[in-house]
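Participant: Below is a structure I'd like to ask you about.
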Amino acid sequence: MKLQSLRRAAVGVSAAALLLIGGAPSGHAAEAPVLRDLAAAKGIYYGTAVSASKLNGTYASVVTEQFDSITPGNEMKWGSVEPTRGSYNWSGADAVVDFAEANDQKVRGHTLVWHSQLPSWVENGTWTADSLRTVMTDHIATEAGRYKGRIDHWDVVNEPFNEDGTRRQSIFQTAIGDSYIADAFRAARAADPDAKLYLNDYNVEGINAKSTAMYDLVKSFKEQGVPIDGVGLQAHLILGQVPSTLQANIQRFADLGVDVVITELDIRMTVPPTEAQLAQQKADYKAVTSACVAVARCKGITVWGFTDSDSWIPDFFDGYGAATPYDENYQPKPAYYGIAEALGWTGDTTPGPTGGCAVTYTVQNQWDTGFTAQVTVKNSGTTAVNGWQLAWSWPSGQSVNQAWNATVTQSGSAVTATNASYNASVAPGSTVTFGFNGTLSGANTAPTGFTLNGTDCTTA
Ligand code: G3I
C-alpha cells in the first residue's frame, strides 16, 4: 500500500472524499496537490497548529492528508498542563502526540517557557532567582521528559524580546535575569537529548532590531556552547507585508550554524475578503514558502491553523480574519495553491467554485444529422469563479462543430468549453450560458458528469 493510502486508511476516509476536500483544481484530470508530499520532495516539512478537541471528521482528514508536522496550539503550554502546582493534565498534549504518531507526522512541542498562558501560581508567585529557576527547570524536566523521544522540535523559550530588541520583562526575566534562556535550553537538552531546541518569536521575520537581538543571542549561545539548534520565526503577517528581507534573514541565522523554521504562519486581512485580497494572500503565502525553500537550513513551515474556522485572528484582531490557507468549510483558498506552487506544483491553479455548481443542458433543436444545445452553468458555491472550463464527455458519439459564448474543443468524446473574455467571472449564485451546434451519429443521449474547473456539478 502506498503511503498516501495508508494515511487515508488511518482516518477512515475514502480517496474520493479526500479529493473533494483537497479541492480538485484542474479542468481535466483533477489531482489536488498534497502539501506534505510536495514539501518532502523539497526536503522540508509542512505543518499546522491543531486543536486537540477538533481532531476528528473532516478536520482530522485534512490534517492527515496535507501535513507532516503538527503543533498543539495550546495544549502543551504551562497553563494547560499544570494549572495548579503539582496537578497535571496531559490529556490534550497526549492526544496530539498520539495522533501524530498514528499519522506519520512530526511534532513541534510548543512551548516550555513563555510569559503568556502561564498558570497564575507561576505568574503571580513570589520568587527568588533560585526558586523560580528551579521551578522552571523542573517544569522543563517534567514536560520534555514525559515526551522524551517523541518530540522533533521544542520551542524552549517563546517571545523573550521586546520590539526594540531589549528583553521582555517577563516573570522569568525579572526574577532570574538574562541567564534564564540559557538555563532553559540546558534543561531541555538534558530532558530530551534528541529533540531539536528552538528559540521562537514574532516580528523577527525581516531584518530589524528585534531579529538582530535574537541573532546576537544565538551567536553568543553558539560561542558559549549553550545547546540551541534553531530559531522559529512565527510569521503572523499582514496581507501584502511579507518582509523583503525574509530570505536574507533566514540566511543569516543559517550562517550562524542553526536551523530556521517558520513556526506560526498566517496572513490576515480585513473581512469579508475580496478576490483581489485572496489573490494577494496567495502571492504572500507563495513568497514565504519560496524564501524557506531557497535556504538549505530552513527545515519547514507550520501554518497557525490550516482553516479559517480554527484561527486565533478573529478573536484578537477586530475586523480581521481569513488568515489561513483553507476557508471555514475546509475548502482550499488561492493561498493553498500559492504554497503548492512554491513547493514545485505545476497543476492548473484555477479553483473551482467552493460549494459546487449546477448544469442545465437543453437540446433546443434537432434534425437528422445535427442538433443545437444550450448549456447553463450556475455557480452554486460561495466563492466567485474567475475563468472557467466546463468539461463533459459525449455518451453517444456526438461532436461539437460551432459554439457561441464559449470556445469549445473536443478530443475523442471529451469536450471542454472555455469562457469567452466577457463571461469569465461567475459570481456566487450567478449563471453563465453558452450554446453550440453539434453533429449526431444516431442517438442524442444527453451528457451528465459535468465538471467546472474540475469540480463536479449537479445536472438538472
Ligand atoms: O480554553 C478556554 C475555554 O474553556 C473558554 O471557554 C474560552 C473562552 O474564551 O477560552 C478558551 O481559552 C482560549 C484558548 O486560546 C483556547 O482556545 C483563550 O481564551 C485564548 O486566549 C487562547 O488564545 C491562544 C493564544 O495563543 C493565547 O495567547 C490561541 O488559541 C493560540 O493560537 C495563540 O497562540 C500563540 C502562540 O502560542 C505564540 N505566538 C502567538 C500565537 C497567537 O497569539
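The values are calculated or read from the model by the stated rules, or taken from the named source; none is laboratory data. Bear in mind that the values here come from a model prediction, so they are computed numbers and not experimental data. Positions of Cβ are backbone-derived with ideal geometry, glycine not excepted, and every protein chain shown enters the neighbour counts. The area values use the complete protein model at the heavy-atom level, side chains included, leaving out ligands, DNA and RNA. Shrake-Rupley method; radii C 1.70, N 1.55, O 1.52, S 1.80 Å.
Participant: Could you say which residue among 192, 178 is away from the ligand (no atom under 16 Å from the Cβ) and in contact with a helix residue (DSSP H, G or I) (Cβ under 7 Å, 6 or more places away or on another chain)?
Facilitator: Values: 178 fails: in contact with a helix residue (DSSP H, G or I) (Cβ under 7 Å, 6 or more places away or on another chain).
Step by step, each of 192, 178 is checked, and only 192 is away from the ligand (no atom under 16 Å from the Cβ) and in contact with a helix residue (DSSP H, G or I) (Cβ under 7 Å, 6 or more places away or on another chain).
Participant: Out of 412, 435, 442, I need the residue that is under 19 Å from residue 366 (Cα atoms) and at pLDDT below 95. Which one? Even if it seems obvious, please write down each step before you answer.
Facilitator: Numbers: 412 fails: under 19 Å from residue 366 (Cα atoms); 435 fails: at pLDDT below 95.
None of the others qualify; the one that does is 442.
Participant: Go through the range 132-165 and count every residue that is part of a loop (DSSP other than H, G, I, E, B) and within 17 Å of residue 179 (Cα to Cα).
Facilitator: The first filter runs over the range 132-165 and keeps only residues part of a loop (DSSP other than H, G, I, E, B), leaving 147-152, 159-160, 162-165.
Filter again for within 17 Å of residue 179 (Cα to Cα), leaving 159-160, 162, 165.
Looking only at that region, the number is 4.
Participant: When only residues in the range 76-85 that are more than 9 Å from the ligand (Cβ to nearest atom) and crowded, with 17+ Cβ neighbours inside 10 Å count, which is nearest to residue 264 (Cα to Cα)?
Facilitator: Among residues in the range 76-85 that are more than 9 Å from the ligand (Cβ to nearest atom) and crowded, with 17+ Cβ neighbours inside 10 Å, the one nearest to residue 264 (Cα to Cα) is 76.
Participant: Here is a follow-up. May I ask you to list the residues in the range 268-290 that are open to solvent by 10 Å² or more (accessible area, probe 1.4 Å) and of a type in the set (A, V, I, L, M)?
Facilitator: Answer for the range 268-290, where residues must be open to solvent by 10 Å² or more (accessible area, probe 1.4 Å) and of a type in the set (A, V, I, L, M): 271, 276, 278, 279, 283, 287.
Participant: Of the numbered conditions (1) more than 20 Å from residue 435 (Cα to Cα); (2) crowded, with 16+ Cβ neighbours inside 10 Å, residue 309 fails exactly one; give the number of that condition.
Facilitator: With respect to (1) more than 20 Å from residue 435 (Cα to Cα); (2) crowded, with 16+ Cβ neighbours inside 10 Å, residue 309 is out only on (2).
Participant: Next question. Under 6 Å by Cβ, and 6 or more places apart or on different chains, what pairs join a residue from the range 113-128 that is not assigned by TED's automatic domain parsing to the domain that holds residue 172 with one that is away from the ligand (no atom under 14 Å from the Cβ)?
Facilitator: Qualifying pairs under 6 Å: none.
Participant: OK, next. Exactly one of these conditions fails for residue 314: (1) part of a helix (DSSP H, G or I); (2) open to solvent by 40 Å² or more (accessible area, probe 1.4 Å); (3) out of contact with any strand residue (DSSP E or B) (no Cβ under 6 Å at 6 or more places or on another chain). Give me its number.
Facilitator: For residue 314, the exception is condition (3).
Participant: Looking at (1) open to solvent by 40 Å² or more (accessible area, probe 1.4 Å); (2) away from the ligand (no atom under 15 Å from the Cβ); (3) over 24 Å from the mean Cα position of the chain (by Cα), which is the only condition residue 152 fails?
Facilitator: The single condition residue 152 does not satisfy is (3).
Participant: Six or more apart or on different chains, Cβ atoms under 7 Å: show the pairs whose first residue is in the range 84-103 and in the same structural domain as residue 63 (by TED's automatic domain parsing) and farther than 24 Å from residue 121 by Cβ and whose second is in a loop (DSSP other than H, G, I, E, B) and aromatic (Phe, Trp, Tyr).
Facilitator: 97/147
Participant: Of (1) open to solvent by 10 Å² or more (accessible area, probe 1.4 Å); (2) under 28 Å from residue 331 (Cα atoms), residue 69 satisfies all except one. Which?
Facilitator: (1)
Participant: When you check residue 123 against the structure, is it within 15 Å of the ligand (Cβ to nearest atom), over 17 Å from residue 261 (Cα atoms) and open to solvent by 10 Å² or more (accessible area, probe 1.4 Å), yes or no?
Facilitator: On the way: within 15 Å of the ligand (Cβ to nearest atom): yes; over 17 Å from residue 261 (Cα atoms): yes; open to solvent by 10 Å² or more (accessible area, probe 1.4 Å): yes.
Yes, satisfied.
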